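Structure first, commentary second.
The values are calculated or read from the model by the stated rules, or taken from the named source; none is laboratory data. Quantities reported herein were computed from a predicted structural model and do not represent experimental measurements. Every residue, glycine among them, receives a Cβ derived from its backbone with ideal geometry; neighbour counts consider all protein chains shown. For the accessible areas, the whole protein counts, side chains as well, though only heavy atoms, and no ligand, DNA or RNA atoms are used. Shrake-Rupley method; radii C 1.70, N 1.55, O 1.52, S 1.80 Å.
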Amino acid sequence: MKVFYFTATGNSLDVAKRFGGEMYSIPKVLKGDQFHFEDETIGLVFPCYGFATPKIVREFIEKITLKSPYIFVIMTYGNKLAGGVNSFVRYAEEKNIHVQYADGLLMIDNYLPFFNIEKQKMKEKYTEENLSRLLNDVKQKKRFIRNESFTDSMLTKAIQYLYKRHPNFNSDKDFTVGNNCNQCGTCVKVCPRNNIKLHELKPAYGGDCEFCLACINLCPQKAIRLKKESNPNARYLNGNITLKEIITANN
């Protein structure tokens, strides 16, 4: 089995590791020169951004060739999935990647503009129970595509249309760097797009932001902040994943 994943604060990596097999970081594959993969089972695990697929995962699908009789997709999310899973399945189909199993997994929502991480941690989301079901389904090679309502589909389309019309919405222009930055370079190392450089001893952003918020969540000094967020002191890293693993996945 080969499992491809994209992670910012560890949720999707935590899930991907539970499936076992050979692990492949999507950002690292994109930076390499191997784009054809074959196996009896191939998995894709990544988060839901804006009720849809992250840009970096779409770029991966455009470049990659996956050959397998059984391809599964797990989209992690923290609030509402809407039509995210189904929009990805259709997109993959257009790129000649045929998905046999696709579902979502509800986890802690770490989208800082809207959600308070500490309050999220207190919510019971039955993640382990639902993950066990997904693991068992894939082990049995069950065929299933998550249902999508008309409302779900329209919500995903509406948000993605908004992003296209307003490209500076959810961009690194929303970030500020405080004087408590100690130039440790963690932000540079966790960025999946190599979008951050240390300039005059502070992080400088290049405008090619995935808005994964890894640089903000994982800054040891909490020096990088959003101009607007629910709790500037709350940050998140999945408890089963280390900072070193995030750096290895994205750098």
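Worth pointing out:
- Those helices (runs of 4 or more DSSP H) of the stretch 147-226 in which 2 or more residues are open to solvent by 60 Å² or more (accessible area, probe 1.4 Å) and closer than 26 Å to Leu30 by Cα occupy 150-165.
- Among the residues making up the stretch 52-73, those that are assigned to a strand (DSSP E or B) and either outside the structural domain of Ala16 (by the TED database) or within 18 Å of the chain's Cα centre (by Cα) (or both) are Ala52, Phe72, Val73.
- Taken over the stretch 16-51, the criterion of being part of a helix (DSSP H, G or I) and open to solvent by less than 20 Å² (accessible area, probe 1.4 Å) is satisfied by Ala16, Ile26, Pro27, Val29.
- Selection status of Phe6, touching a Phe, Trp or Tyr at 6+ places or on another chain (Cβ under 7 Å), crowded, with 19+ Cβ neighbours inside 10 Å and modelled with pLDDT of 95 or more: yes
- Residue selected from the stretch 227-249 under the condition open to solvent by less than 20 Å² (accessible area, probe 1.4 Å) and modelled with pLDDT of 95 or more, by the criterion farthest from Val190 (Cα to Cα): Ile241
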